[in-house]
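*Asks:* Below is a structure I'd like to ask you about.
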Amino acid sequence: MEDQAQALREIMGARPQSARPESPGAAQPTTQAGARGGGDAKKTRIIAVASGKGGVGKTNLSVNLAIAYAQLGKRVVVMDADLGLANVNVMLNMIPKYNLYHVIRKQKTMRDIILDTEYGIRIVAGASGFSKIANLSEEERQNFIGELYTLSEADIIIIDTSAGVSSNVLSFIAAADDAIIVTTPEPTAITDAYGIIKIIATEIENLNIGLKLVVNRVKSVTEGRRVAERIINISGQFLNLKVEYLGCIYDDPVVPAGVVRQRPFIVAEPKSKAAISVHHLVGRIEKTEFADDKGIGRFIKKLFGKE
Ligand SMILES: Nc1ncnc2c1ncn2[C@@H]1O[C@H](COP(=O)(O)OP(=O)(O)O)[C@@H](O)[C@H]1O
Ligand SMILES: [Mg+2]
């Protein structure tokens, strides 16, 4: 764990000396071919949203990013995989009767539990009884796999995970096309972001997803870039892992206001700094490579380690 300690010191340590040669381009995402490959309409992009520390804005990002995509005409499903606090529905002022637990227990189908919202996105509620994907019985697993295929009609599935690294979170991240790690400029959030990136790097074999970083609650674009560069430099140096900076979201009172009113800020305050930040993120994600081969089939295969 020595390198961990050193990495953390570097992250938190004296800024100017710790940095390797200044690389102004580091924050730019590598632009590859368009996100939508050719004429394949049936590809589902699966984006897992994760963080080391709780309360950094994952659920707000998941919901508002989903709505931003829906506003572009995409079919979007948000899966609430934060099994402790199912708060995607709370943010949208919805009370789901059923959730993934009922699907796994074969009491309901995915079509029964998926909820339409007034914002053009659909949500799948998480389940606190759904403890470990890895612990499902063979029968439950087969049934769940079948049900997950129902979601292949979506263009985008955003999975809002719980903070930290439970085995479920790692499973979702490993299976997704992209993992967005959310942090804030707070020192504890930064070190925890590095912590989860390190665990992802060491625990997930054949990591072929794009690890992406969002810095939430910034006061300036410069602050976001500075935080991102620290994490990206340390991840490259100590983990030999490429993390891409997707962008930042301004600290903005419309965010908590939207939570209180149960109306997402991207709808309630479309011209706010936070809303504009989220629209920018969509643009960035769409510019990054999306090496999807089999859409949800690949996701399911990776989630369960087999078909
Ligand atoms: N950009 C932001 N500006 C201001 N407050 C924010 C912002 N993002 C999140 N918050 C606040 O942080 C709280 C936690 O956000 P949430 O999305 O629930 O985090 P998580 O899902 O990571 O636990 C929210 O209630 C909100 O008030
Ligand atoms: Mg949350």
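*Asks:* If I ask for residues that are farther than 19 Å from Ala274 by Cβ, of a type outside the set (Lys, Arg) and in contact (Cβ under 8 Å) with a residue 12 or more places away in the chain, which ones from region 48-75 would you list?
*Replies:* Ala48, Ala50, Gly52, Gly54
*Asks:* For Glu118, only one of the following conditions fails: (1) at pLDDT 95 or above; (2) under 23 Å from Gly283 (Cβ atoms). What is its number?
*Replies:* The one condition Glu118 does not meet is (2).
*Asks:* While we're here: Take region 131-188 and flag every residue that is touching a helix residue (DSSP H, G or I) at 6+ places or on another chain (Cβ under 6 Å) and aromatic (Phe, Trp, Tyr).
*Replies:* Once the filter is applied, which keeps residues that are touching a helix residue (DSSP H, G or I) at 6+ places or on another chain (Cβ under 6 Å) and aromatic (Phe, Trp, Tyr), region 131-188 yields only Phe144.
*Asks:* Please specify each residue of region 123-150 satisfying the condition of being modelled with pLDDT of 90 or more and closer than 17 Å to Phe299 by Cβ.
*Replies:* If the condition is that a residue be modelled with pLDDT of 90 or more and closer than 17 Å to Phe299 by Cβ, then Val124 is the only one that fits.
*Asks:* Yes or no: Pro256 modelled with pLDDT of 95 or more, out of contact with any helix residue (DSSP H, G or I) (no Cβ under 6 Å at 6 or more places or on another chain) and within 16 Å of ligand 2 (Cβ to nearest atom)?
*Replies:* So Pro256 passes the test.
*Asks:* Restricting attention to region 273-287, which residues are touching a helix residue (DSSP H, G or I) at 6+ places or on another chain (Cβ under 9 Å), more than 14 Å from Ile156 (Cβ to Cβ) and away from ligand 1 (no atom under 13 Å from the Cβ)?
*Replies:* His279
*Asks:* A further question follows. Taking Ile95, is it away from ligand 1 (no atom under 16 Å from the Cβ), without any contact (Cβ under 8 Å) to a residue 60 or more places away in the chain, in contact with a His (Cβ under 8 Å, 6 or more places away or on another chain) and within 27 Å of Ala68 (Cβ to Cβ)?
*Replies:* no
*Asks:* Just to verify a result, which residue in region 206-239, among those that are in contact (Cβ under 8 Å) with a residue 12 or more places away in the chain and part of a loop (DSSP other than H, G, I, E, B), is surrounded by the most Cβ atoms within 10 Å (Cβ to Cβ)?
*Replies:* Looking at the filtered set, the residue picked out is Ile209.
*Asks:* Taking the stated definitions as given, is Ile266 of a type outside the set (Gly, Ala, Ser), within 14 Å of ligand 1 (Cβ to nearest atom) and either under 20 Å from Ala176 (Cβ atoms) or at pLDDT 95 or above (or both)?
*Replies:* yes
*Asks:* Separate question: Check region 104-123 and report whether any residue there is more than 23 Å from Asn64 (Cα to Cα), among the acidic types (Asp, Glu) and touching a Lys or Arg at 6+ places or on another chain (Cβ under 6 Å).
*Replies:* no
*Asks:* Looking only at region 53-78, which residues are among the hydrophobic types (A, V, I, L, M, F, W, C), assigned to a helix (DSSP H, G or I) and away from ligand 2 (no atom under 11 Å from the Cβ)?
*Replies:* Leu65, Ala66, Ile67, Ala68, Ala70
*Asks:* OK, next. Filter region 60-79 for residues that are β-branched (Val, Ile, Thr) and either within 11 Å of the chain's Cα centre (by Cα) or at pLDDT below 95 (or both); which is farthest from ligand 1 (Cβ to nearest atom)?
*Replies:* Val78
The values are calculated or read from the model by the stated rules, or taken from the named source; none is laboratory data. It should be emphasised that the depicted structure is a prediction, and the values quoted were computed from it without experimental measurement. So basically every Cβ, Gly included, is an ideal-geometry build from the backbone, and we count neighbours across all protein chains shown.
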